[in-house]
């Protein structure tokens, strides 16, 4: 099996919007990755005219993103996946290893969305959001972890990393979108919990999981029909991909378990002070949609757990 000289990143949910931008910027950065571009949507990229397509349109698929990266001089492979199917996720990871011989970073951007009250969220839509959002993420993490741990042992910058597109945990986020929030906050709980696993296993020096979320609304497929005036409140997805790259370049301990906003992370950890270049409408000052200050989730008894229960260890002891 050939082993890539480049680090390898798997971007799940990479056909449009933020996912597409993350995949392209990861591949074309100076310390760039070979990128596996994964999502459900695919197409015959050679038949797309004009090229490249509108990045927020249905014409943008994993195949066109792969072509964009390759034509710009990067390395990419498009592999379709339905994250609701764990076996499909496992096949995606297996194909990644077959192709490149390694996996160094997982970025999980797949998401199903409906902002509505509990009464107005049908059960089928609720189930779809849970399967794509927390369940899809959990499956991707489970399938990738053995390879990410191997990557972490290499000790190189940007190896053994997971970046999750999920929000900080705070009460206002639940309002008017309970079903969606249940899944998205569950993804952030996974970030916190897996980060603690890394610490307990002594891996936090070489591995990290971090959640990122936009502080300001990002231009996407959902915003294509907005008026020019409404676009004044949008930022280009490059702000989010810049934050992803910065997280991957940071020491593992510095980012493990953090639930961050893109703007705030770039300001606090990277010294960015001018965000004007990210505005979709030049000269506009997009409205921030996230709180300026977020709650601290720790408690005074943070380290006092009493007797730890480990069901897996108990099962192994019985064998």
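Taken together, the values in this text are just the output of simple stated rules run on the coordinates, not laboratory data. Everything numeric in this text was worked out from a predicted model, so none of it was measured. Glycine also receives a Cβ, built like all others from the backbone with ideal geometry; neighbour counts cover every protein chain displayed.
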Averaging 1/r across every pair of distinct alpha carbons in segment 90-188 and inverting yields a Kirkwood hydrodynamic radius, in angstrom, of 14.8
Where the Cα atoms of segment 25-183 are projected onto their three principal axes, how long is each span, largest first, in whole Å? 49, 44, 29
Would you kindly state how much longer the chain becomes between residue 171 and residue 42 on full extension, computed as 0.36 nm times their sequence separation minus their alpha carbon distance, in nm to one decimal? 42.7 nm
Distance (nanometres) between label positions extended 7 Å along Cα→Cβ at residue 273 and residue 142: 4.8
What whole number of Å gives the distance from the Cα centroid of segment 174-231 to the Cα centroid of segment 105-139? 12
Using a Gaussian network model on the chain with a 10 Å cutoff between Cα atoms, which of 42, 223, 61 fluctuates the most? 223
Segment 209-305, convex hull of Cα, quarter of hull surface, nm² -> 7.7
Order these by the 10 Å Cβ neighbour count, fewest first: 25, 104. 25, 104
For the ranges 261-271, 201-211, what's the packing order if you count other beta-carbon atoms within 10 Å of each residue, average per peptide, and put the highest first? 201-211, 261-271
So how far apart, in nm, are the two label points at residue 300 and residue 157 if each is 7 Å from Cα heading toward Cβ? 4.2
Among 40, 293, 7, 307, which comes first, then next, by fewest other beta-carbon atoms within 10 Å? 307, 293, 40, 7
Rounded to the nearest 0.05, what FRET efficiency is calculated for residue 292 and residue 317 with R0 set to 35 Å and r the Cβ-Cβ distance? 0.10
Kirkwood Rh and Cα Rg combined as Rg/Rh, segment 8-318: 0.96
